[in-house]
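To start, the structure under review is shown below, and the notes come after it.
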Amino acid sequence: EEVPDAVIPAASKKITSISSPLRAVVRLRRRYRGLKKSRLHLELPREKPAEFVHTRLLQRQLSLNRTSLYSPSMSFFNQSGFGSSQYFTFDTSVEHYSVKKCRRKKSRRKSRMVLYPDKTKKYLPAEEKSKAKRCLLLLIAIIFFQILNAIENLDDNLQKYDLDALEKTMHREVFGQKVAVESIMELLKDYLATHIHNKPLVISLNGPTGVGKSHVGWVLAKHFRSVMDNDFVLQYFVMHHCPSGVAPLTCEIDLSKKISDMVTRAEIEEKTPVFIVDEVELMSPILLETLSRFFEPNQTNEFLNAIYILISNLGGAEITKFVLQNASTELLHQQRGAEELLSILQPALVSVHPLWKAADIIPFVLLEKSHVINCFLEQVRREGLYPDQKHIENLANQLSYYTTGEKQYSRMGCKQVVAKVNLL
């Protein structure tokens with residue numbers, strides 16, 4: 001039989017209403033301890049201290065007791081809520097934690113926002129242009145234009161002296177001295193390319209008589225007088241300007257004054273004077289010493305810008321011997337032959353006077369018979385006569401020659417050509 005509700009004492013109803021929250025608290029505490037042990041076993045980071053958790057649990061228990069005492073309906077709602085896992089489960093799985101961590105990393109990688117500690121800017125600050133870089137670019141531009149201007153000045157100087165026309169004239173009028181002419185033109189082009197120099201240009205033309213040394217000096221004097229002025233070209237003949245009866249000291253003073261005056265005038269007009277000194281082998285030691293002082297590099301600027309052409313028969317014996325020994329080879333017509341001859345000739349000239357140490361020595365070799373015939377043809381044309389080839393060959397046969405194998409070298413070169421043509 002069912003016992004009516006009135007029979008059940010009121011005290012037992014009160015105990016039942018109180019015990020159900022307590023059972024819920026006990027279950028909750030056991031669940032918490034189990035979760036705590038599993039969490040410790042998995043060694044998850046950021047664990048809270050046990051004392052802190054225990055304190056929070058007691059606070060929750062007290063709050064539940066108070067709620068059950070004051071409102072039984074709320075205790076039933078809380079009891080049903082505690083029984084469901086929707087509100088009282090702690091997701092502490094490692095997979096869930098690692099997924100969250102990966103999501104955080106991905107979100108950080110996607111974020112391209114860069115903050116700077118000074119002004120918290122999102123983008124890189126604008127780079128300031130360096131003033132030193134601008135100055136460097138300006139300096140490079142200035143150097144480039146200076147080099148370009150120097151190249152243009154080189155062309156202007158070469159055009160001013162018209163060295164191309166001089167080279168053509170030398171090759172047309174000087175016979176049998178191709179290597180010597182090329183060496184002279186190369187020295188002149190290098191020197192006259194600019195007006196600033198650290199030493200004067202000294203060219204020494206050496207060789208036996210009649211091989212074209214004086215003729216080259218005459219061609220050079222004529223050309224530079226045409227492109228500059230007569231005041232900047234001096235032809236000094238020792239036998240004429242300093243005869244044997246004149247005191248050497250007087251000749252020294254005269255030569256020094258002529259060179260100094262011409263150099264001073266040339267410096268004012270920015271031109272390069274040319275001094276052609278012929279018959280140097282007849283100069284006295286005093287004149288050679290005076291001339292050598294003008295060749296020194298430690299002088300004022302105006303004396304450094306000058307060209308000296310020295311013409312002499314010194315070294316003619318060495319050149320004749322070298323030519324006759326190498327007549328059967330092509331060594332004489334090559335640059336290598338000129339260098340070998342120079343190594344023999346230079347010590348012989350330096351033994352006469354040290355001034356040849358500062359000179360560029362150009363050796364003139366013996367002329368062959370064909371070159372002598374060309375000299376006759378050129379002289380006949382100058383005299384306005386008809387060039388008869390057989391008659392000219394007869395005149396050439398009247399001269400004396402060195403005979404080596406199949407080649408004949410003139411002993412006097414073209415020295416007697418003018419005299420033979422004048423007899424026609």
- Task: Please verify whether segment 183-198 includes one or more residues that are more than 28 Å from GLU270 (Cβ to Cβ) and open to solvent by 60 Å² or more (accessible area, probe 1.4 Å).
- Result: no
Residue hits (segment 388-424; farther than 22 Å from VAL216 by Cα, touching a residue at least 12 places away in the same chain (Cβ under 8 Å) and of a type in the set (D, E, K, R)) are GLU393, LYS407
Would you check if ILE373 is in contact (Cβ under 8 Å) with a residue 24 or more places away in the chain and open to solvent by less than 80 Å² (accessible area, probe 1.4 Å)? no
Given the conditions (1) assigned to a loop (DSSP other than H, G, I, E, B); (2) open to solvent by less than 60 Å² (accessible area, probe 1.4 Å); (3) closer than 30 Å to ILE286 by Cβ, every one holds for LYS415 apart from (2)
How many residues of segment 219-258 are under 30 Å from LEU367 (Cβ atoms) and either surrounded by 15 or more Cβ atoms within 10 Å (Cβ to Cβ) or in the same structural domain as LEU399 (by the TED database) (or both)? The answer is 15
Exactly one of SER400, SER410, SER351 is open to solvent by 20 Å² or more (accessible area, probe 1.4 Å), hydroxyl-bearing (Ser, Thr, Tyr) and within 16 Å of VAL211 (Cβ to Cβ), and that residue is SER400
Segment 185-301: strands (runs of 3 or more DSSP E) wholly inside it with 2 or more residues that are among the polar types (S, T, N, Q) are 201-206
Only unsatisfied item for ALA396, checking (1) in contact with a Phe, Trp or Tyr (Cβ under 8 Å, 6 or more places away or on another chain); (2) under 22 Å from ILE184 (Cα atoms), is (2)
Hey, does segment 298-319 have a residue that's out of contact with any helix residue (DSSP H, G or I) (no Cβ under 8 Å at 6 or more places or on another chain), loosely packed, with under 14 Cβ neighbours inside 10 Å and within 19 Å of LEU355 (Cβ to Cβ)? yes
When every residue in segment 375-405 that is aliphatic (A, V, I, L, M) and in a loop (DSSP other than H, G, I, E, B) is compared, the one modelled with the highest pLDDT is LEU399
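The values are calculated or read from the model by the stated rules, or taken from the named source; none is laboratory data. Values in this document were obtained by computation on a predicted structure and should not be read as measured data. Glycine gets a Cβ as well: all are built from the backbone with ideal geometry, and neighbour counts include every protein chain shown. Just the protein is used for accessible areas: all its heavy atoms, side chains included, with ligands, DNA and RNA removed. Shrake-Rupley method; radii C 1.70, N 1.55, O 1.52, S 1.80 Å.
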